[in-house]
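Each remark here refers to the structure printed beneath this line.
The values are calculated or read from the model by the stated rules, or taken from the named source; none is laboratory data. Worth saying up front: this structure is predicted, and the values here are computed from it rather than measured. When we count neighbours, we look across all protein chains shown, and the Cβ atoms used for this are built from the backbone with ideal geometry, even at glycine. The accessibility values were calculated without ligands, DNA or RNA, using every heavy atom of the protein model including side chains. Shrake-Rupley method; radii C 1.70, N 1.55, O 1.52, S 1.80 Å.
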Amino acid sequence: MIGTKTLEDLGWPTLVEHWVKRCATKRGEVRVRTAQLLDDPAAARERAAEITEARGLATRDARLPLGGISDIGEAIARVRKAAALEAPELVAVATTGRSLSRLRSHLRERSEVAPKLAARGEAIADLGHVFHPILEAFDADGKLVDHASDALGPLRRALASLKTQLEKSMSGLLTDERFAPYLQDAFYTQREERYVLPVRTDGKGFVRGIVHGTSQSGQTLFIEPEEIVDLNNRAKLAEADIADEERRILAKFSGWVAEEADAFDAALAAAETLDVIAAAAIMAEDTVSSEPIIDDGPRIALLHARHPLMLLAERRCVANDVLITAGVTLLISGPNAGGKTVALKTVGLAALMTRAGLHLTAESGSVMGWFPDVRTDIGDAQSLENDLSTFSGHMVNLRELLATAGRGSLVLIDEIAVGTEPEQGAALAQAVLEALAARGVTGMITTHYERLKALGATDPRFANASVGFDLAKLEPTFKLHLGTPGSSGALALAQRMGIANDVVGRARDLIGPHVAKVEDLLASVADQQRRIEEERAALLAELEAVEADRHATKQVREKSKAQFEKQTRAMHGEVQAELRAARREIDEVRRQVRMRAHDATLDDVKAATRQLVGPGAQVARHEPKRQLPPGTPATPDKLVVGGPVIVPRLGRVEFVALLPDDKVEVRVGSMRAVVPIKDVLIDTHRAARRAEEAKRPVVPPPAPVPPVVLVDGVPAGGKANARTVESTLDVRGNRADDAVAQVDQFVDESLMAGRDAVFIVHGHGTGALRSAVRSHLARHKGIDKVRPGEHSEGGDGVTVAFLKG
């Protein structure tokens with residue numbers, strides 16, 4: 001157990017109240033106030049991981065739905081004793097059951113991102129068979145509805161009928177000549193839930209009935225006329241029947257709740273724990289905390305640690321690194337009001353928060369050891385009630401530390417052994433710290449004693465640290481510097497607080513030049529450290545700015561890419577629509593031509609060809625631009641026979657010869673074509689690669705293949721079935737059914753274009769595509785005969801189909 005004094009010294013109750021404010025349920029608030037610290041580091045790690053999952057859900061806008069969960073523990077305890085709940089209690093139980101079910105479903109749906117929380121949610125049973133009927137039996141005001149049972153509705157309607165009769169009778173009595181002269185007012189009222197007339201006292205003998213009371217003045221009697229006594233009695237009996245039925249319904253519902261009392265208790269306990277975790281997650285987000293690495297050993301490695309209470313109070317807080325090896329005591333020196341005590345309490349609260357499984361107000365990667373025992377001596381220990389001075393009060397605390405602290409203890413002492421003669425106080429402080437170090441404690445001590453600063457430099461069980469001081473501004477920086485002691489800066493602080501310069505100068509003379517020189521040296525070292533820290537911070541800021549620019553550029557690039565992809569998809573959709581429309585038009589033209597095939601004339605064929613120009617133009621308009629490798633415009637002096645060039649409409653080709661009229665002859669595979677020189681680019685990439693390959697051993701080329709010469713796409717020799725670009729269809733890379741569809745369309749277009757033969761390039765591959773193409777061509781009615789391609793035509797990777805004339 002951590003002592004109450006330690007908790008109060010470190011401000012733990014204040015942190016707990018901040019935690020409580022973020023709870024959504026009363027049970028969660030009670031749980032946080034009564035049982036915050038855990039006894040096992042494994043349990044603390046589990047809790048910290050659960051808080052991380054809760055924060056992850058919050059970032060996905062899926063916070064735990066803890067609203068609507070009431071503290072129904074007392075109601076559950078009552079039904080266990082066979083007591084019937086009142087209507088408001090049953091509504092609270094049912095509403096809570098519904099909220100618990102919603103929480104359970106929420107976690108089940110997110111079990112992949114929050115498996116630990118989902119496992120806790122499994123303790124919440126499905127109680128829908130209890131709360132659904134109860135909720136359906138009550139209206140928005142918490143009253144039983146007529147259909148809550150088969151009998152309740154008829155009983156209420158019977159009562160309403162009786163009241164209607166009563167009101168009608170009472171209205172008639174108000175105007176009855178027998179009673180009207182003796183009425184105090186022209187209205188009727190109720191006394192003891194029975195209808196009565198207000199009769200003057202002088203008319204009591206003229207109105208027969210039951211007297212139910214008098215007015216405060218005594219001038220009015222409230223009399224139930226004998227004419228309506230029977231109706232009143234029947235109404236009272238009807239009300240009693242309704243009350244009995246409502247009690248029976250409430251008892252029935254209470255019995256259902258009693259049957260699931262254990263399930264309700266387990267669900268409430270699970271929701272209570274989830275509320276504690278969710279509140280801790282909210283507090284971690286508010287303080288920009290991170291999940292710590294919890295070490296079983298008593299060591300501390302906090303990165304950019306900040307005081308959590310200062311953050312929650314929205315006060316300026318300087319982040320500091322704190323590194324303490326197991327069994328080592330860190331001695332912090334430096335000026336007053338420089339942040340020594342803040343650093344002390346920051347570490348102490350971090351130890352307690354680790355014990356509670358909370359996230360720490362430090363950077364990710366921070367390590368906090370497991371300290372079963374945390375002891376403090378912070379603040380003025382003076383006690384008038386116990387007749388203790390400041391010094392004697394501190395001695396009492398140190399006595400207890402020496403008696404009980406040991407390995408695994410974290411000892412935090414602010415201004416050790418103050419309140420007495422400095423030399424003796426320093427010696428006593430050193431002796432106490434050496435005794436604690438011998439017991440293996442891990443500690444953090446603030447001091448102004450030079451003796452202790454020297455101890456930190458000579459004894460490996462101790463380490464020095466200091467808070468910074470700005471010599472130019474004569475004010476502390478609140479920055480903790482590890483490894484070096486600091487100047488107390490008392491004279492500088494006195495000067496800053498308005499003490500006269502001559503008084504400060506006299507004090508400097510009194511302490512002697514040696515001490516003053518040491519103080520100045522320590523202050524100078526602290527100032528140098530401050531400057532280095534500022535330069536480092538400036539460099540980090542620049543790096544962060546560069547990283548932010550890089551991230552922003554990446555986001556712009558990704559946004560542009562996404563916009564481009566969106567536009568591409570839109571254009572693709574337009575192309576698909578145009579293509580479908582073009583195919584429908586082509587199919588219609590094809591159908592018309594086939595219908596008139598037996599009597600079609602040349603003019604009909606030309607007309608059909610003109611009809612096909614429109615759809616083809618529509619599709620061509622959406623044809624994407626071919627992405628070509630980079631090249632340079634060709635000039636006669638740069639062209640080399642056999643060199644690689646690029647013709648946009650043909651792709652990569654080889655230069656053959658320079659022709660008149662600014663034209664060139666190029667080779668496309670085994671074919672040749674004549675194109676304008678302005679359409680030719682020199683393929684610099686392939687040219688460089690060929691130059692590299694030329695350095696390798698030369699392999700004899702195969703036997704030359706007789707070329708087929710094309711002139712602007714027309715066979716140079718005029719041979720009718722010579723292979724041209726227009727008469728060739730390449731279906732490589734397509735599936736068989738897609739290839740057959742393309743072949744069918746290409747043959748029809750070739751028939752209308754008056755070609756003699758077509759060349760289908762399908763490649764070798766497995767032979768499946770070749771077989772499908774040739775089988776289809778062999779059955780086609782427009783094909784005269786089919787044969788494999790000759791060696792000059794591409795061999796067996798090509799099929800030649802001769803069209804019927």
Pull up the DSSP beta bridges for region 304-445 and report the antiparallel fraction as a percent, rounded to 5.
-> 15 percent
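Please work out the FRET efficiency for the pair ALA548 and GLU314, using the Cβ-Cβ distance as r and a Förster radius of 35 Å; give the result to the nearest 0.05.
On the way: r = 25 Å, r/R0 = 0.72.
That pair, ALA548 with GLU314, gives E of 0.90.
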Provide Rg and Dmax in Å for region 75-183, with only Cα atoms included in the calculation.
-> 24.3, 83
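Over region 240-376, what is the percentage of antiparallel beta bridges among all DSSP beta bridges, to the nearest 5?
On the way: 7 of 10 bridges.
Bridges in region 240-376 are about 70 percent antiparallel.
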Largest to smallest principal axis extent of the C-alpha atoms in region 137-295, angstrom = 95, 39, 20
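Using mean Cβ contacts within 10 Å as the protection proxy, how do 282-290, 76-84 order, highest first? Write down the numbers at each step before the final one.
On the way: 282-290: 19.7, 76-84: 15.4.
Output ranking for 282-290, 76-84: 282-290, 76-84.
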Calculated SAXS-style log₁₀ I(q)/I(0) at q = 0.15, 0.19, 0.25 Å⁻¹ - region 215-316, Debye, Cα scatterers | -0.92, -1.08, -1.24
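In debye, nearest 20: dipole of region 1-127 around its Cα centre with unit charges on the Cβ of K, R (+) and D, E (-)? Before the final figure, lay out the partial values.
Details: 22 positive and 18 negative charges, 44 e Å.
Taking the Cα centre of region 1-127 as origin, the dipole is about 220 debye.
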Hey, rough spin-label estimate for GLU46 and GLN424, points 7 angstrom out along Cα→Cβ, what's it come to in nanometres?
-> 5.4 nm
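Jot down the per residue volume, in cubic angstrom and as a whole number, of the convex hull over the alpha-carbon atoms of region 1-112. Don't skip to the end; give the middle numbers.
On the way: hull volume 17.9 nm³, N = 112.
Measuring per residue, one finds 159 Å³ for the Cα hull of region 1-112.
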So the FRET efficiency between ALA741 and LYS678, C-beta based with R0 = 51 Å and rounded to 0.05, is 0.85
How far, in nm, would the chain grow between SER169 and LYS804 when pulled straight, counting 0.36 nm per residue and subtracting the alpha carbon separation?
-> 217.6 nm
Zone reached by a paramagnetic label modelled 7 Å from SER775 Cα along Cα→Cβ, restricted to region 752-769 with backbone N below 11 Å, covers 768-769
Once amide hydrogens are built 1.01 Å from N within the peptide plane, the residues lying 5 or more places from GLY327 or on another chain with amide H under 5 Å from its amide H are THR442
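If r is the Cβ-Cβ distance from LEU539 to VAL20 and R0 is 41 Å, what FRET efficiency results, to the nearest 0.05? Before the final figure, lay out each step's value.
Numbers: r = 42 Å, r/R0 = 1.03.
That pair, LEU539 with VAL20, gives E of 0.45.
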Between GLU74 and ARG591, what is the label-to-label distance in nm when each label sits 7 Å out along the Cα-to-Cβ direction?
-> 8.3 nm
Summarise the accessible area of region 1-59 (1.4 Å probe, protein heavy atoms) by the percent that is carbon and sulfur.
-> 54 percent
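So how do 95-107, 745-757, 442-454 stack up, highest first, on mean other-Cβ count within 10 Å? Don't skip to the end; give the middle numbers.
Values: 95-107: 21.2, 745-757: 17.2, 442-454: 23.0.
Packing order, densest peptide first, comes out as 442-454, 95-107, 745-757.
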Net charge near ALA54: determine it from the other residues with C-beta under 12 Å of the C-beta of ALA54, scoring Lys and Arg +1 and Asp and Glu -1.
-> +3
What is the P(r) of region 262-402, as percent of Cα-Cα pairs per 5 Å bin from 0?
-> 2, 9, 15, 17, 16, 13, 11, 8, 5, 2, 1, 0, 0
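How much length, in nm to one decimal, is gained on full extension between ILE210 and ASP141, taken as 0.36 nm per residue of separation minus their Cα-Cα distance? Don't jump to the answer; show the numbers that get you there.
Working: separation 69, 0.36 × 69 = 24.84 nm, distance 3.59 nm.
So the extension gain works out to 21.3 nm.
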Unit charges on C-beta of K, R, D, E only; dipole of region 399-468, Debye = 320 debye
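Can you give the Rg/Rh ratio of region 716-805, where Rg is from the C-alpha atoms and Rh is the Kirkwood radius?
Details: Rg = 12.0 Å, Rh = 12.9 Å.
Dividing the radius of gyration by the Kirkwood radius yields 0.93.
On full extension of the chain, what length is gained from ALA158 through ASP230, given 0.36 nm per residue of separation minus the C-alpha to C-alpha distance? Walk me through the numbers before you get to the answer.
Details: separation 72, 0.36 × 72 = 25.92 nm, distance 1.50 nm.
Here the answer is 24.4 nm.
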Quick one: of LYS116/LYS345; LYS638/LYS678; LYS21/LYS340; LYS81/LYS143, which pairs are farther than 20 Å apart, Cα to Cα?
-> LYS116/LYS345; LYS21/LYS340; LYS81/LYS143
ARG569 versus ASP61: modelled label distance in nm, points set 7 Å from Cα along the beta carbon direction | 2.0 nm
Taking a straight Cα-to-Cα line shorter than 16 Å from LYS163, and setting aside same-chain aspartates and glutamates fewer than 8 residues away, one finds GLU192, GLU193, GLU224, GLU227, ASP230, GLU239, ASP241
In order through region 304-320: 3J(HN,Hα) via Karplus (6.51 cos²θ - 1.76 cosθ + 1.60), integer Hz, x for Gly, Pro = 6, 6, 10, 6, x, 5, 5, 5, 5, 8, 6, 9, 5, 9, 8, 7, 9
